[in-house]
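Working notes, beginning with the structure itself.
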Amino acid sequence: MKAMSLNLKNIHYLKFLFLSVLIVVSGCKKEEEVMSSQPDFQPQFTTTSVTSITPPSLQTNGDAMGNAMLSQINTYMMLPSMYMNALGGMLQEVSSNAKIGSAATPPTWTWNYGGYVITYTYNQTSTQYSFSYTIAMNGSVWYNISGWENINGTAGHWDYNFNLSNVPGGASSGNWTINFDWQQPTTGEFDFQMAYDFGSLSPDVYVEMNVNTNNGSGWYNYYTPSTTLMYEYGWWNNGNNGSFTNHSTNPPQTTTW
């Protein structure tokens, strides 16, 4: 049991270390350029975080470890958002015959952020948008983000790939990949599925979650490795009641409030 506890601590430390590198590199410099146009479409859930749509009472009344894991889930979910949201104006590079939804090359927007050059493009059919981002620095591509979203706002998906070879000592660790899916079955209710592949740094993670803003209820299941249930968290009554189960202990430990 002590060995398992130390292993979990090492895993969280390694992920924290590399996440810190991302935040430091991305936050060391913010450049905004005033440009000529804005796209009509940018993906949802790049400005809305999981913690912002859960009840405030959950943070004060809920389980401390359950909330800590919720914050970790939120951090990884929001990691690409700093690149997917243009700060300030953007430049639209468009050929004379380019048109959204046409066979011609769709418009492309570029902007600078944190020392990166971000290139964004999207297209659409009658029911769906498709989009992609390329994030580069000094000619090297650090991140790729691609996905789709229903025009009616009922579902969406994106894949986030981080090239660790750009980080000193990171080439041997493989690349990071985060896959994110969301659905809105009814107004105010959201389902999320998130899969994290951390290369050789640590076991992969899979999270499934439901958040209902209409009645302040929700739950998540956290698996690591991706098929092993590690944590269960559920809340209701606007976060004033709930339970958290830690399956990393033997036997599992459950707290309620």
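The values are calculated or read from the model by the stated rules, or taken from the named source; none is laboratory data. Source: prediction; values computed, not measured. Please note: Cβ atoms are built from the backbone with ideal geometry, for glycine as well, and neighbour counts cover all protein chains shown.
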Is at least one residue of the stretch 161-172 at pLDDT 90 or above and either farther than 22 Å from Gln72 by Cβ or outside any helix (DSSP H, G or I) (or both)? yes
From the list Tyr129, Tyr113, Tyr143, pick out the single residue that is crowded, with 17+ Cβ neighbours inside 10 Å and either within 24 Å of Gln183 (Cβ to Cβ) or of a type in the set (D, E, K, R) (or both). Tyr129
Looking only at residues in the stretch 238-251 that are among the hydroxyl-bearing types (Ser, Thr, Tyr) and in a strand (DSSP E or B), which one is surrounded by the most Cβ atoms within 10 Å (Cβ to Cβ)? Thr245
Does the stretch 188-208 hold any residues that are at pLDDT 95 or above and among the hydroxyl-bearing types (Ser, Thr, Tyr), and which are they? Tyr206
Collect the residues in the stretch 222-247 that are under 17 Å from Ala68 (Cβ atoms), out of contact with any Leu (no Cβ under 6 Å at 6 or more places or on another chain) and modelled with pLDDT of 95 or more, keeping them in residue-number order. Tyr222, Met230, Tyr231, Glu232, Tyr233, Gly234, Gly242, Ser243, Phe244, Thr245, Asn246
Enumerated helices (runs of 4 or more DSSP H) restricted to the stretch 1-114, each holding at least 3 residues that are within 24 Å of the chain's Cα centre (by Cα) and modelled with pLDDT of 55 or more: 50-53, 56-61, 64-78, 81-84
Can you tell me how many residues in the stretch 131-160 are outside any strand (DSSP E or B) and among the aliphatic types (A, V, I, L, M)? 1
Whether any residue in the stretch 215-235 is β-branched (Val, Ile, Thr), part of a loop (DSSP other than H, G, I, E, B) and out of contact with any helix residue (DSSP H, G or I) (no Cβ under 9 Å at 6 or more places or on another chain) is what I want to check. yes
Within the set of pairs 6 or more residues apart or between chains, which connect a residue that is touching a residue at least 12 places away in the same chain (Cβ under 8 Å) inside the stretch 48-67 to a residue that is among the aromatic types (Phe, Trp, Tyr) and in a loop (DSSP other than H, G, I, E, B) with Cβ atoms less than 8 Å apart? Asn61/Trp257; Gly62/Trp257; Asp63/Trp257
Going by the conditions given, is Ser202 free of Cβ contacts under 8 Å to residues at least 60 places away in the same chain and either in contact with a helix residue (DSSP H, G or I) (Cβ under 9 Å, 6 or more places away or on another chain) or at negative phi (or both)? no
Out of the residues in the stretch 193-237 that are touching a strand residue (DSSP E or B) at 6+ places or on another chain (Cβ under 9 Å) and β-branched (Val, Ile, Thr), state the one that is surrounded by the fewest Cβ atoms within 10 Å (Cβ to Cβ). Thr227
Find all pairs meeting these conditions: Cβ atoms under 7 angstrom apart; at least six residues apart or on different chains; first residue within the stretch 145-161 and closer than 14 Å to Asn123 by Cα; second residue among the acidic types (Asp, Glu). Ser146/Asp159; Gly147/Asp159
